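Colleague: Please see the structure below; I have some questions.
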Amino acid sequence: MTWQRRDMSAEPEYSAHELAQKLGLHPPTPEQAAVIESAREPAIVVAGAGSGKTETMASRVVWLIANGYVLPHEVLGLTFTRKAASELAKRIRDRIGLLADLKLVPGDADDDLNVATVSTYNAFANRIYGQYAIHIGLDPDATVIGDATAWQLARDVTRSSRDPDLPDLDKRLNDITGGVLDISRALNDNVADAQRVIDFGREMQDKLESIAGTGGKADAKRFFESTLVYANSLPVLVRLAQQYDEVKQSRGFIEFSDQVRFALEICERTPSVIDDLRSQFKVVLLDEYQDTAVVQTRLLKTIFAGTPVMAVGDPHQSIYGWRGASATNMDEFAKDFGIPAGRAPFPLSVSWRNPTTVLAAANRYVERLTQNSPIRVERLQPKPNAGAEPIQVSFHETIDLETEAAAEWFAQKLRVDLPEDQRPRGKKAAMLFRASRTMAKFREALEERGVPCHIVGIGGLLDEPVIVDLVCALRVIHDATADSELVRLLAGPRWMIAPRDLVALRKVARWLSQHDHKRQLLDVEVRDALRASVTSEDSESLIDALDFIASTTVDYTVLQAISPDGLARLREAGELIARLRRHSTFDLRDLVTFVYQELMLDIEAWANPRAHSARGAFDAFMEPLTSFVSSTDRPTLGSFLGWLREVERREKLSPISPKAEPGTVQLMTIHAAKGLEWNYVAVPRMVDDELPGDRARADTWKKFGSLPFEFRGDGDDLPVWHWRDAQDIDDLVEKYESFRDEVRERFDAEERRLAYVAVTRTEDELLLTGSYWNTQVDPRSPSVFVRELIDSGIVPNTIPTIEEPKKNPLEGKVPTDVWPREPFGASSLGTQRRVRVNDAAEAVRAATTSGTTPWDDDISLLIRERDARGVDTLLPAPRRIAASKFKDFVSNPVDVAADMRRPMPQQPYRATILGTVFHEWVERRAGLASTTPGDLLEALENGDDDELIREGPIDREKLASLQATFLASEWGELKPIDVEREIHIVIAGVTVVCKIDAVYRRTHDDGRERIEIVDWKTGLPPQDDADYELKQTQLALYRLAYAKWADIDPESIDAAFYFVADNVILRPERLSSESELVEQWTRVITQRP
């Protein structure tokens, strides 16, 4: 059998069943076979949850190749996540390997040039941009920035903006930054015209001003004011978004949303690009098509309309409307890509994942959606021999009982009471939430019951107690109003400040707010003016009060309300926080590590045997921190804390790909869980206003940073608010309420899709929980999604009757606690820990020094090394030294000698590696040196991952920033006369090795020609005068060395440091002469043995 190409319209040689038999695969179902064998023309596949779409798409590709319609490299598959792309690519690759064994594919199955292209939608747009950006005058080598860089850049733009209307927004910097990013990405995703949106805002302002004062009711006036705030904010945010785009372009940066928009512009303006892409890809598969944004659908339509494109998706799983996706785009596909009217989509309705009971629930949830869907959607059907485990409904009076019941259910399913080696193997479990606000409460119940669990994603990481304390400390260092964070630290196990003393601390804060810097009582008028100028929480700062307690030596009367022990602890806490604050100028990573260790959170994590996830929490926290630091030129603590809040918010609404953790309950939002599956799934808080969510929260676009519906790509399908026709404020409100009701109907539909997605994550057993009472005033009834299952007979009615519907049993129940709290925990496990620690402490105290231990020799060596540190450790002067070490030796010979005595291998720092690559780039650019095999720059350009892995990580964004800064500098257009020149000179008998970065011949304004030596620095500039003086020694050595080598007068040579990262040039007013350098070295040598 040999492979032969066939025309797309020719009859196939192999059916889907025949091919599966030849490859030894399971035969496809009739639905799957219809998809696999469908004509080579545009088609829609409506694939229900768990219906095996990945398997079907892979089989479709293999069938096309085996029948000669396409070669592997002519296939394009697009999906949303790298995980999904990897899974699809692997299945296709494995099947092509089977085809190769049967000679049903030409060439070698391992041929890297003959493979299908499977990537994310964004990666495909990036491919177009990278290859064709020049067609629209853009830089194809622009650096793609991630969320951290985008956040910092937008924050910098906002902070430095001179927009006259910006102060009127009355928002915090981080809130405005989030709004700028939201509106910027919405403009991209919906291909909206920025100027039209600005004009819309102005038009709305004019309209509102024309009806101002026409309303009577207070509620209507408040609504009017909030609408005016939105109208005023919209033009400002759009202008800031435009400034943000300009800064990105000037720095050579683009975001993922930019890539798609620019790729669309390229294709719309350059037909030849479309021809190129169509010639490359004969068949296209589009996965999760219901989640594509408007700009993505327009791009794909522009390129592939009328070609063999197969869109696979499920309208019932369209849950990302907030980012521009629309459940109607499946129906629009037929019109966009040229499917004849009346042709039905291909269904995939057999669920290979869910038990029959879960399928019954899922079908019930979307029954109304299916009836109203513009595209035909089949009911989910069970696989042969599907399980029929009943759905458990656990409804209780209070949330405390609900959390305990959920924890007990998981404890039984995962058999946590058994030894670990006897528990079920490979069983996965999850709790899926509509919102994250009750996650911590359920996690506490799981931990109390001994069920391994953790909250997935950065949101879960930020919920780890040790990370909560760490972030609280960082906020206290940064923000003088972070009182709640301070209270957590003070009341925690480190200081255990009693409630009475915390109240007294508040009194100190109030006392300070009423006194001046000399502690004299302010006049009543001044106090009233101060109170009126700030909010109440800003006028009385607990952090200021703590600083005062730590620093004062006067026994003020106000301090007498604090207990003596509490006062001592508060002073200790204040001194520590002040010390942490003094280190706030550290590198951000060093600061965070310092705070973590000074608070002894590392010890706390290791000392708690139950907090298994806490031990790796700090390392996990450092990953996004490192990403943030490396993505910006000026990583500040404030910008990092703001970015943390933003990334946590976005993550809760986006799919993630956590690693499977058998035996552990993973807690996450339903939005994040899409595409995943577990053996045991619990969906908590199945009550009205939680799942489904509160209809009052439905997005009506009248929210800071939201794009008006009429500019959305799917605006024709969205409700319209006829605000332009309003005659007065009351009419404006009436029209809004009508519009809002339509929005809420759409909101209800999306909540149904969320419930559908949640329950269909279940492989084996499903639990639905709820309770009447949490913290609200009125009881919350069982969710409509529970009541519908009861009414349909899918689950029995086990809902208890509420005893007193007007009284919350949790209200008035005063929580009691023992003070000080038990540091080891109040549970029985905590008691056992205290006993073990006390026993260990007693054993240490009872130990004598007369006995022997296995560590005696090591202890003796360590003691001798400690004692030796007090002895003069200077070595004889070196005979050879680098110029960069010369200054260190003359300033601190003891430390240099210690390093020489016992040199330790060091891992290359990221900044050091970055500096090496930058130097190579400057050298290459000068044209005075050729690339040597294996150098880092060549590895970076050629994608030599092995070389890069050996050397360490290289921050490509930072490198691009350094290169751009250098090109804009005074040396950017100059050609050096020498680069990387190594010269050896002798100073007072020692050989000094000088490696000079670059030498230039400069002509001054008066016509004089002088030599200039420049040393590139990618690190920080000198921090003080002493550091500056030492660094000039290095330049003095370079000047002397070059003068001797070139045989010219040292006084005719200038020298400078260029700190590229900060764009700082340092030219010393004077450089040490040869005699002064000799004197410096001799002075140190004469003090040595």
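The values are calculated or read from the model by the stated rules, or taken from the named source; none is laboratory data. None of these values were measured; they are calculated from a predicted model. Backbone-built Cβ (ideal geometry, glycine too); neighbour counts: all protein chains shown.
Colleague: Given the structure, is Ala480 assigned by TED's automatic domain parsing to the domain that holds Ala498 and of a type in the set (A, V, I, L, M, F, W, C)?
Modeller: yes
Colleague: Please verify whether the stretch 155-177 includes one or more residues that are surrounded by 14 or more Cβ atoms within 10 Å (Cβ to Cβ) and touching a strand residue (DSSP E or B) at 6+ places or on another chain (Cβ under 7 Å).
Modeller: no
Colleague: So Ile1048 clears everything in (1) in a loop (DSSP other than H, G, I, E, B); (2) crowded, with 16+ Cβ neighbours inside 10 Å except one condition, right? Which one?
Modeller: (2)
Per-residue answers, yes or no, for (1) among the basic types (Lys, Arg); (2) assigned to a helix (DSSP H, G or I); (3) not assigned by TED's automatic domain parsing to the domain that holds Ser184:
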{"position": "Leu240", "(1), (2), (3)": "no, yes, no"}
{"position": "Gln259", "(1), (2), (3)": "no, yes, yes"}
{"position": "Leu285", "(1), (2), (3)": "no, no, yes"}
{"position": "Val295", "(1), (2), (3)": "no, yes, yes"}
{"position": "Gly306", "(1), (2), (3)": "no, no, yes"}
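Colleague: What strands (runs of 3 or more DSSP E), lying completely within the stretch 392-459, carry at least 1 residues that are surrounded by fewer than 20 Cβ atoms within 10 Å (Cβ to Cβ)?
Modeller: 392-398
Colleague: Criterion first (part of a helix (DSSP H, G or I) and modelled with pLDDT of 85 or more) does Ala334 satisfy it? Before the answer, list the steps.
Modeller: On the way: part of a helix (DSSP H, G or I): yes; modelled with pLDDT of 85 or more: yes.
When the stated conditions are applied, Ala334 passes them.
Matching residues to (1) surrounded by fewer than 19 Cβ atoms within 10 Å (Cβ to Cβ); (2) among the aromatic types (Phe, Trp, Tyr); (3) touching a residue at least 40 places away in the same chain (Cβ under 8 Å):
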residue	(1), (2), (3)
Thr700	yes, no, yes
Pro708	no, no, yes
Trp721	no, yes, no
Asp725	yes, no, no
Ile729	no, no, yes
Glu734	yes, no, no
Glu737	yes, no, no
Glu742	yes, no, no
Thr762	no, no, yes
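Colleague: On to the next question. With the structure loaded, tell me whether Ala480 is assigned to a helix (DSSP H, G or I) and small (Gly, Ala, Ser) or whether it fails that test.
Modeller: no
Colleague: Where residues in the stretch 17-31 are within 17 Å of Val105 (Cβ to Cβ) and within 43 Å of the chain's Cα centre (by Cα), which of them is surrounded by the most Cβ atoms within 10 Å (Cβ to Cβ)?
Modeller: So, considering only residues that are within 17 Å of Val105 (Cβ to Cβ) and within 43 Å of the chain's Cα centre (by Cα), the one surrounded by the most Cβ atoms within 10 Å (Cβ to Cβ) is Ala20.
Colleague: Now for a different question. Evaluate the stretch 1051-1064: report whether one residue or more is at pLDDT 85 or above, touching a strand residue (DSSP E or B) at 6+ places or on another chain (Cβ under 7 Å), surrounded by fewer than 16 Cβ atoms within 10 Å (Cβ to Cβ) and in a strand (DSSP E or B).
Modeller: no
Colleague: What pairs can you find where one residue is in the stretch 1003-1020 and surrounded by fewer than 17 Cβ atoms within 10 Å (Cβ to Cβ), the other is polar (S, T, N, Q) and modelled with pLDDT of 80 or more, and their Cβ atoms are less than 8 Å apart, with a gap of 6+ or different chains?
Modeller: Pairs that qualify, where the first residue is surrounded by fewer than 17 Cβ atoms within 10 Å (Cβ to Cβ) and the partner is polar (S, T, N, Q) and modelled with pLDDT of 80 or more, are Glu1009/Thr1003; Arg1010/Ser1052.
Colleague: With at pLDDT 90 or above, buried (at least 24 other Cβ atoms within 10 Å of the Cβ) and small (Gly, Ala, Ser) as the only criterion, which of Gly313, Gly306 stands out?
Modeller: Only one candidate qualifies: Gly313.
Colleague: From Lys335, Lys248, grab the single residue that is over 30 Å from the mean Cα position of the chain (by Cα) and among the basic types (Lys, Arg). Let's see the steps before the verdict.
Modeller: On the way: Lys248 fails: over 30 Å from the mean Cα position of the chain (by Cα).
On inspection, the qualifying residue turns out to be Lys335.
Colleague: Listed residues Leu462, Leu414; which is more than 24 Å from Arg697 (Cβ to Cβ) and of a type in the set (A, V, I, L, M)?
Modeller: Residue meeting the stated conditions: Leu414.
Colleague: Modelled with pLDDT of 80 or more and closer than 25 Å to Cys994 by Cβ: does that describe Ala883?
Modeller: So Ala883 fits the description; yes.
So that you can scan it fast, the table gives a plain yes or no per residue for (1) part of a loop (DSSP other than H, G, I, E, B); (2) within 30 Å of Val456 (Cα to Cα):
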site	(1), (2)
Gly663	yes, yes
Arg685	yes, yes
Ala696	no, yes
Asp716	no, no
Glu734	no, no
Arg746	no, yes
Asp764	no, yes
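Colleague: Still on this structure, I have one more. When you scan the stretch 153-188, how many residues do you find that are touching a residue at least 24 places away in the same chain (Cβ under 8 Å) and assigned to a loop (DSSP other than H, G, I, E, B)?
Modeller: Number of matching residues: 4.
Colleague: Ser51: closer than 30 Å to Arg364 by Cβ and in the same structural domain as Thr292 (by TED's automatic domain parsing), yes or no?
Modeller: Here the answer is yes, as Ser51 does meet what is asked.
Colleague: Which residue out of Leu99, Leu78, Leu88 is out of contact with any Lys or Arg (no Cβ under 8 Å at 6 or more places or on another chain) and at pLDDT below 85? Talk me through it step by step, then tell me what you get.
Modeller: Values: Leu78 fails: at pLDDT below 85; Leu88 fails: at pLDDT below 85.
On inspection, the qualifying residue turns out to be Leu99.
Colleague: OK, next. Of the residues that make up the stretch 622-629, is at least one surrounded by fewer than 18 Cβ atoms within 10 Å (Cβ to Cβ), modelled with pLDDT of 75 or more, over 18 Å from the mean Cα position of the chain (by Cα) and not assigned by TED's automatic domain parsing to the domain that holds Tyr320?
Modeller: No; the residues of the stretch 622-629 include none that is surrounded by fewer than 18 Cβ atoms within 10 Å (Cβ to Cβ), modelled with pLDDT of 75 or more, over 18 Å from the mean Cα position of the chain (by Cα) and not assigned by TED's automatic domain parsing to the domain that holds Tyr320.
Colleague: I'd like to know if the stretch 76-98 contains one or more residues that are outside any helix (DSSP H, G or I), crowded, with 24+ Cβ neighbours inside 10 Å, small (Gly, Ala, Ser) and touching a helix residue (DSSP H, G or I) at 6+ places or on another chain (Cβ under 7 Å).
Modeller: yes
Colleague: In the stretch 713-742, which residues are over 30 Å from Thr297 (Cα atoms), under 40 Å from the mean Cα position of the chain (by Cα) and of a type in the set (Gly, Ala, Ser)?
Modeller: The answer is Ser738, and nothing else.
Colleague: Looking at (1) under 25 Å from Asp165 (Cα atoms); (2) crowded, with 21+ Cβ neighbours inside 10 Å, which is the one condition that is false for Val284?
Modeller: The failed condition is (1).
Colleague: What are the residues in the stretch 552-597 that are polar (S, T, N, Q), more than 30 Å from Ser627 (Cβ to Cβ) and in a helix (DSSP H, G or I), if any?
Modeller: Selection gives Thr557, Gln560.
Colleague: May I ask you to verify whether Ala34 is surrounded by fewer than 18 Cβ atoms within 10 Å (Cβ to Cβ), assigned to a helix (DSSP H, G or I) and not basic (Lys, Arg)?
Modeller: Considered against the rule, which asks whether it is surrounded by fewer than 18 Cβ atoms within 10 Å (Cβ to Cβ), assigned to a helix (DSSP H, G or I) and not basic (Lys, Arg), Ala34 comes out as yes.
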